[in-house]
């Protein structure tokens, strides 16, 4: 008799035991299995992108650049950016936690289009394979931003191949976003009105809107770059009257919403963890959910802030600057709501909560520094320096990666049916926090002092800060390897998880861990809002 | 009884579609004729306006965007809105930028 | 089985699923609007910075082919939608006829566009990357930009037409196998949305390519 906490009389087996052949995994249409397939893929991509980052930081420990070659360095930071942006950050939470949890949170048996879901994974793998081939067979030196005319005319790297790979993966994103939007509209269980949905669903809905609206513009942009490079027919070519800035407008029309694609799911994860580990309903539910929608909408109006010194008109720059200040408001509202949720709550410092707390602090720092660079005059000095690098890494790594790990730990019992080892997890979270700050805080100072980004060598007076940053990177790398080790260990030796180990609210906790293939034996009927925790005096912490 | 129950709905529907087709051809002709108007260069893009009506006719008449579920309409409206955002905000820069033109070089 | 209705396990009724499929196609078409929208922004920029040359290029287009193609596509949308009207009352035979006629109109479009028009454009030195491009001098750059837009947009539209033709063939084959009925014909509707959208793209490209520059 397996040591299990599933109640007698419930369905035997789970989605994990529903078929053991390779075929049953590679041809599955079960959203939970597809989430696992994606989890394996993005883990691989994360470590590839991390390897590139490690080499970048290694290069920067001496002022003249340890690797010796600017060309090699350019290809490394391009690899890091391309892999991390398109093959880790954009997909991470949506395709793993989103795919797994959305039907469960909706009380549905699968997404609206399960075969499209499987197809999206294959597209992702194909795009990833093509891109990795381009990056390893010599690489690309343009940065993940592919600016023209370097990318279209002068680069000697595998630009077209990389563009094709990213183009293909873009269709994977669009398919995922389409599936999520239609599912959230059409597959909600009886009684699950919009305002009874957990915040995670609102966040993923907003993310999906970005995916479907912005990614097509990236697609046409990459296509135009490839066509110009291959056939010398270029709308960006100034020699025939083309406008190189047109590329930047088109690119950033996608890429600014893209950074919100990366962070919105993180907001959603944190919004689920904080109420659970504060034993309290979320503060200001309607504000938080509409803030997600507002972020998604306004994110389309701010892209010009990446182009303040590119030569655009001053009037459009001013407009984009004002709009960029506007987009910070809903993000700030969310931070206040999370704090309000914790206020007078019963805080439990389990690993997911540590990650969520780290997220709040680090995301706030990253976000505030965004306001500095949204100011035109300040940006003239700070743009293309390490200040920008630190700004977005605080949000993406300090924020988003923390949220990803937080969510992974929070829902690990549900996904795998096992508990992870709590002390190791808390230690990893702390090591990650320390390593992260040591890596990236010096970069704020470096940028302020004027060290440019994407340069393989630097002035000698910057060395101490660079060495600190690289040292932090080694600690960070160790912190990422820890979860890889103990999470894998837990799959075989971890304590078996009950249906609801955190005593959390939410439909996904009302079904066994791991869930059966059909998710729910009977369609749930929802009668109350999310986060219906008892008042704090009667809070029951988990055992 | 005289009328078979299924023939009329189809005939009525086909007649409706025929009227839309005819309207599209008329609008197409109007657009074609409009291109002969002596508009100054910068106003020439207005020629596209009858085309916009044709797009609406296809969306409403053939794609039945008004008859279908609300969600479909929402998506269609969203498409138009975000297209406008892309084109309008994207045009803000060239329309307000001072450009210092260089003479067109011969292409390599 | 002609009257078989489709309801996958995550849906509450066949109509629930059918409406969801149609909504899904509309959302996909929204992504296509943004895709082509980026190209239209290119048109705006290219014409804004090079008005004289751009329009000089536009005057080299074959107006009669473009206009004839406009008529063909509008008619094809009409015919296909008529086919939907027929299958709504269960008339599979008429559906197949309408789809086949739509297919022919689509093929005629492609033949005119790529067989005739593009051929003439290449023969007339209008490929923008060629050294002996037809228009030289100060208008040369703008004219080249026009033809860059022309070739890319018509190629992309043609690609979408090809996919549409594949979908039409798929519908005809399924209809021949009696898979559609008055109760179930969602794929027919979904393909119809796609086909009409490809028509809409041409309705947008036609004035941008053939009419605006001619003045």
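What follows draws every value from the coordinates through simple rules; no lab data is involved. Since the model is a prediction, treat every value here as computed from it, not as a measurement. So basically every Cβ, Gly included, is an ideal-geometry build from the backbone, and we count neighbours across all protein chains shown.
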query = With a ≥ b ≥ c the root eigenvalues of the C-alpha gyration tensor of segment A:41-119, is it rounded (a/c under 1.5), prolate (a/b larger than b/c) or oblate?
reply = prolate
key: Stokes-Einstein translational diffusion, segment A:75-153 - Kirkwood Rh over all Cα pairs, 1.306 mPa s, 10 °C, in µm²/s   = 110 µm²/s
query = Using Cα pairs under 8 angstrom and six or more residues apart, how large is the relative contact order of segment C:105-190, in percent?
reply = 24 percent
note = One finds the C-alpha centres of segment B:45-81 and segment A:265-294 to be spaced, in Å, by 36 Å
query = Taking Rh as the Kirkwood radius computed over C-alpha pairs, what is the Stokes-Einstein D of segment A:319-451 at 20 °C in a medium of viscosity 1.002 mPa s, expressed in µm² per second?
reply = 133 µm²/s
message = Could you compute how fast chain C diffuses translationally, taking Rh as the Kirkwood radius over C-alpha pairs and applying Stokes-Einstein at 37 °C with viscosity 0.692 mPa s? Give it in µm² per second.
response = 174 µm²/s
inquiry  = Based on Cα coordinates alone, diagonalise the gyration tensor for segment B:10-69, multiply each eigenvalue by 5, take square roots, and list the semi-axes in whole Å, largest first.
reply    = 29, 13, 4
ask   = What full-extension length gain, to one decimal in nm, is calculated for residue A:61 and residue A:488 as 0.36 nm per residue of separation minus the Cα-Cα distance?
value = 150.4 nm
key: Pairs of Cα atoms farther than 23 Å apart, segment C:1-103, %   = 58 percent
inquiry  = Checking the a/c ratio against 1.5 first, then a/b against b/c, what shape does the Cα gyration tensor give for segment A:105-232?
reply    = prolate
ask   = For residue A:503 and residue A:17, what does the FRET efficiency come to when R0 = 22 Å and r is the distance between their Cβ atoms, rounded to the nearest 0.05?
value = 0.25
Equivalent ellipsoid, segment A:12-54 (semi-axes from 5 times Cα gyration tensor eigenvalues, Å) = 28, 9, 8
key: Helix A:114-136 axis, angle to chain A major axis (alpha carbon atoms, nearest 10°)   = 40 degrees
inquiry  = I need two numbers for chain B: Rg to one decimal and Dmax as a whole number, Cα atoms only, in Å.
reply    = 21.6, 80
query = For peptide A:222-230, how many partner chain Cβ atoms fall within 10 Å of a residue's Cβ, on average?
reply = 2
Fraction in percent of alpha-carbon pairs per bin - 10 Å, segment A:378-430 = 22, 34, 22, 15, 8, 0
inquiry  = Given all pairs of different Cα atoms, what value in angstroms does the Kirkwood hydrodynamic radius of segment A:286-346 take?
reply    = 13.0 Å
query = Alpha carbon centre of segment A:221-240 versus segment A:367-425: separation in Å?
reply = 35 Å
ask   = For segment A:451-505, what percent of Cα pairs sit more than 13 Å apart?
value = 75 percent
task = Scale the Cα Rg of segment A:165-261 by the rule-of-thumb value 2.2 N^0.38 Å and send over the ratio, two decimals.
result = 1.41
query = Roughly what would the spin-label model give for residue B:98 and residue B:52, points 7 Å off Cα along C-beta, in nm?
reply = 3.2 nm
inquiry  = Can you show me the helix-derived [θ] at 222 nm for chain A, built from DSSP H runs with n ≥ 4 at -39,500 (n - 2.57) apiece and divided by the number of residues, rounded to the nearest 500.
reply    = -21000 deg cm²/dmol
query = Taking N as the number of residues in the protein assembly as shown, what value does Rg over Cα atoms divided by 2.2 N^0.38 Å take?
reply = 0.99
Simple label model, 7 Å out from Cα along Cβ direction - residue C:174 to residue C:64, nm = 4.1 nm
query = Sorted by mean Cβ packing within 10 Å, highest first, what order do the peptides C:151-162, A:431-442 take?
reply = A:431-442, C:151-162
note = Cα-only Rg/Rh for segment C:58-99 with Kirkwood Rh rounds to 1.29
task = Would you kindly calculate the mean projected area, averaged across all directions, of the convex hull enclosing the Cα atoms of segment C:153-215, in square nanometres?
result = 4.8 nm²
task = Assuming R0 = 41 Å, can you tell me the calculated FRET efficiency for the pair residue C:182 and residue A:475, based on Cβ-Cβ distance, to the nearest 0.05?
result = 0.05
request  = Any chance you could list the semi-axes, whole Å, largest first, of the equivalent ellipsoid that the Cα gyration tensor gives for segment A:341-404, using √(5λ)?
outcome  = 29, 13, 6
query = How far, in nm, would the chain grow between residue A:314 and residue A:368 when pulled straight, counting 0.36 nm per residue and subtracting the alpha carbon separation?
reply = 17.1 nm
ask   = Based on the Cβ-Cβ distance from residue A:527 to residue A:349, what FRET efficiency comes out when R0 is 25 Å, to the nearest 0.05?
value = 0.20
key: chain A: relative contact order in percent, alpha carbon pairs under 8 Å with at least 6 residues between   = 19 percent
ask   = Along the three principal axes, how long is segment A:253-292 when you take its alpha carbons, biggest first, rounded to the nearest angstrom?
value = 39, 18, 6
inquiry  = When only alpha-carbon atoms are used, what values of Rg and Dmax, in angstrom, describe segment A:390-543?
reply    = 21.0, 67
query = Given the Cα atoms of segment C:63-191, and with Rh set as the inverse mean 1/r over their pairs in the Kirkwood sense, what is Rg to Rh to two decimals?
reply = 1.16
message = Using Cα-Cα distances under 8 Å and only pairs 6 or more residues apart, what relative contact order does segment A:398-480 have, in percent?
response = 38 percent
ask   = Roughly what would the spin-label model give for residue C:13 and residue C:101, points 7 Å off Cα along C-beta, in nm?
value = 3.4 nm
